[in-house]
Every structure is written in structure tokens, then in C-alpha cells.
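What follows is one structure encoded as C-alpha cells, with my remarks underneath.
The values are calculated or read from the model by the stated rules, or taken from the named source; none is laboratory data. Predicted, not measured: the structure shown is a model, and the values here were computed from it. All Cβ positions, glycine included, derive from the backbone under ideal geometry; neighbour counts span all protein chains shown. Just so you know, the surface numbers come from the protein's heavy atoms only, side chains and all, with ligands and any DNA or RNA stripped out. Shrake-Rupley method; radii C 1.70, N 1.55, O 1.52, S 1.80 Å.
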Amino acid sequence: MRTSSLPFTALVVDDDPSIRQSLRLCIESENGRVHQAGTASGCLDALDRSRFDVILLDLWLGSDSGLNVLPEILRRQPGSGVIVVTAYATYESAVEAMRLGAVDYLPKPFTPEQVRTSIRRVITTGLLRRQFNELQDRLNETESENSFETCSPVYAAFLQTAVRAAASNAVVLLRGESGTGKTVLARWIRKHSLRPDGPFVTVHCPMLSNELMASVLFGHKKGAFTGAVTDAVGKVEEAENGTLFLDEVGDLNADAQARVLRFLNDRTYERVGEAKERRGNVRLIAATNRALEEDVRAGRFREDLFFRLNVITLIVPALRDRPEDVLPMAHHYLSYFERRQGRRNLIFSNSCETAIKAHTWPGNLRELRNAVERATILCPSSVIEAHDLGLVWRSAHPGQGDELVLGGDVSLREIEREHIARVVARAGSFEAAARILGINSTTLQRKRKRYGLS
């Protein structure tokens, strides 16, 4: 039984053309698209050009060993499942292949059914891994990022508008900077919508290749393209009676844009290669951090689709625009990561809290979350200081207790002066300090004189 009717991509690496042909036929019978390489260098070139779900790697590639190539394959594409194929099967080589990261081992001569079974096993493993990661992401969001308590009038007003938008079936376009939590907000809108128990299907548009984009979204008919050996269900159909979330919708190609526009206009679509018209009952939420108006003017995005998506636009506030929430969110993340890392009684120092509030957080919630997680793991004591978050420059003014905080109300001159003073103080020599700062000794001497540093 097949695990998925959606297409996948495979790379066959074997120096024998007849073996490559046999494997190609087996892969295409399982709905796969095949790329081929006959050498180790050809394999690495293919990895640079495309991403692969399955890689079938011969143990011997002329004078090269496939086991020597295997670590580089997994370094470049850690999500790929590698099947080692060999005519010289031994227990030792099988163990070594598995130790290096292969997920299956296929001895020659093989039957087509053995190949298909191995491929299905790899696809199943990859599918389960993605489902587990998605579930873990949802749990993380539920426990750490889905905090919508706010002290900010700006964000409170935003949430009131979002609640009204959620209670309709209208298209919602989420706009805002990267890291503001648009994906989390999309799930929150679904939770407060008219279809909270329906499926929530996410499509990360930048991850879709141009050749598979329309197929992934709307499905395809058997024979629509090489390798389409079965009918395939698309994400729109998976989201029936639920919510479809198009993350970074600006990355859709022209064909997908036209198909999405048609679906939004009359709720109908066709699978790729099929003339049959289908209807869908799906609520659409889209998100982008791009200026779609500029993409429209440049001809990269359809104007009519932009207008159709722009029914209800919610601009997610940046973290710097809701300063009242910065410190509470930092404490929220600290509490979460304490539990996750098995630590207790961690606190922010007073100076750390000052630094947190003063920083502008250009990476928004994602930056704050990552900073707190890193500090929770690496801070050696129970008191987290600002430098554990990578924020503080202390003792900006000699003789005063003030702190110089990146992103605070300080000049570049003050930051440069303090940085030079600190580097010179800890460097083993004047020349070493100049190397650390990336300037020559003469420039360093001039700057020290300008800032009155001894």
C-alpha cells in the first residue's frame, strides 16, 4: 500500500547505466521524479541543484567509495533518506552504512518489488518525521508562543480586530515583519473561527519547487506529468471544511497564483492534468512579510489576486511597537524553557530587565524567544545577566552606574568608545587589539586619542 500519492524526488547515484535505468523505472512506478548521477562529483553537483526525498547510492562508484560520499550527502541535505545499493553486500559494510546515516541497505541483484518496498519505507520514515516535527512545533507553539495576554493597548486593539476577522469566513491576509508570530496567529484565528474543529493545513510556499507547486496545492491526475502514476490529492482538498494557511504567499509562481485566484473567486479548482471541475469549502489565511504592492508593480504578483487576498488585512505589530509586552513575554519564555531544560529558579537580574526593555528586538518574538532559550541553556548561574542575552555593554560612562545598552538611547560614538576600551583591556597586546577590531594600529591609536583612552 502506498504511503502517499504526492510526488517525491529521487536521486540515483550509480556508475552502471543499466542499474540507473532499472532504478528509474521502479521509482517512477512509485510516483517519483528521478535525477541521475554516475560519479561522486556528479552526485554532489546534483545536490547543489535540487533537493531530494530519496537518494539511492551505490557502494562503489568506480574508484570512489559511496561510503565516503555519504557523510557529505547528509551534510548538504540532512532531510534526505539514503538507500545504499551494492553488489558486494557484507555485514560490515551494512553496519558502516547505517552508522554513517543510511536508512536502508539494498543488495544487488534486487527485484523491482524490493526497490519499491525500500523506497516506501524511506518515504514513510520521512513522512512520520515531518509529522512528528509538525506536532512538536504545535506543542511548542501551544506551550510557549501562543501567549496572547497583553499589556499593550496597541496589541489589545489588534487582537480585538483579529477576533472579529476570525468570526467570519473572509480571506485574511497577515502582514508584518519576520518573527512577529504570523503562523501562531493564523492558528489562533482558526481556533476562534466558525470552523475550529476542521483541519488546519499549512503550505510553506517558499519550500515548493515551481514544477510541483500547483500539484501540491491542487493535486494532479494520473499521467499529468512524468512520474504521475496515480491520482494525487492536493492541500486544498486536505483542508476541506477547514482552514488553508499559505505562508509567504508572495512566493507563489504565476501558474499557482492564477489557480488560487480562480479558487478564491468561485471556490472551484482542477487538479493538474484534469478537466474535471471540483468545488472546495476552505477558509483561506495568507501571510507575507513582503511588500506585495511592490511585487505587483514589478509584475511578480498578480494585482487581481492581491486585491482578492486583501479583503481583511491584519498588520501584526512589531515587538518594539508593543513595549509593554516585552518583559512579560521574556518571563513567559523563561518559565517555558525552565521546564523544558529541567532548570529551576532562574531569574533576570535588574540590569538584564533594563536591557531587555531597552533593546529594539528587530527579530521580534523569534529573536526574544531564541535569546531566552540560549540563556536558559548556557547561563552558569541562576541569575541571567544581560550579556547572557547578548545585549549589554556595561559601564558606558566611567564613574557612573549607567549601562550602555545596544538599541538604547546611546550614540554610535559611545558604543565605539566602550567597545574599543573593552577590547584593548582584554587583548594581550596593542597589535592584537587592532586585529580583533579589524583596523590597523595607527587607526586604533587615533581612535584611542580621540576618545581619551589611556
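Values for this structure:
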{"item": "Surface accessible to a 1.4 Å probe, ASP64 within the full protein complex, Å²", "result": "70 Å²"}
{"item": "Cα gyration tensor shape of the range 235-279, rounded if a/c is under 1.5, else prolate or oblate by comparing a/b with b/c", "result": "oblate"}
{"item": "Sequence of THR90, THR226 when ordered by accessible area, the most exposed leading, probe 1.4 angstrom", "result": "THR226, THR90"}
{"item": "The range 57-102: chymotrypsin sites (Phe, Trp or Tyr not before Pro) in DSSP loop, at most 10 other beta carbons within 10 Å", "result": "TYR88"}
{"item": "Shape category assigned to the chain from the gyration tensor of Cα positions, a/c cut at 1.5", "result": "oblate"}
{"item": "Kyte-Doolittle mean at least -1.0 and Cα axial length at least 20 Å: DSSP H helices in the chain", "result": "112-140, 326-341, 364-378, 412-426"}
{"item": "Residues of type lysines that LYS447 reaches as a straight line, Cα spacing below 16 Å, ignoring anything fewer than 8 places off in the same chain", "result": "none"}
{"item": "Protection proxy ranking of 28-37, 244-253 - average other beta-carbon atoms within 10 Å, highest first", "result": "244-253, 28-37"}
{"item": "DSSP-assigned coil residues among trypsin sites (Lys or Arg not before Pro) in the range 294-401, each with at most 14 further Cβ atoms within 10 Å", "result": "ARG343, ARG344"}
{"item": "Surface accessible to a 1.4 Å probe, LEU47 within the full protein complex, Å²", "result": "10 Å²"}
{"item": "The range 222-273 and the range 155-170: distance between their alpha carbon centers, rounded to Å", "result": "27 Å"}
{"item": "Derived scalar couplings ³J(HN,Hα) [the range 247-253; Karplus, 6.51 cos²θ - 1.76 cosθ + 1.60; whole Hz; x for Gly, Pro]", "result": "7, 6, 4, x, 8, 5, 7"}
{"item": "Contact order relative to length of the chain, as percent, for alpha carbon pairs under 8 angstrom and 6 or more apart", "result": "12 percent"}
{"item": "Nearest-10 value in Å² for the accessible area of ILE312, using the 1.4 Å probe", "result": "40 Å²"}
{"item": "Filtered trypsin sites (Lys or Arg not before Pro), the range 200-264: DSSP coil and at most 11 other beta carbons within 10 Å", "result": "none"}
{"item": "Two-site label geometry, GLU294 and ASN370: point separation in nm, points 7 Å out along Cα→Cβ", "result": "2.2 nm"}
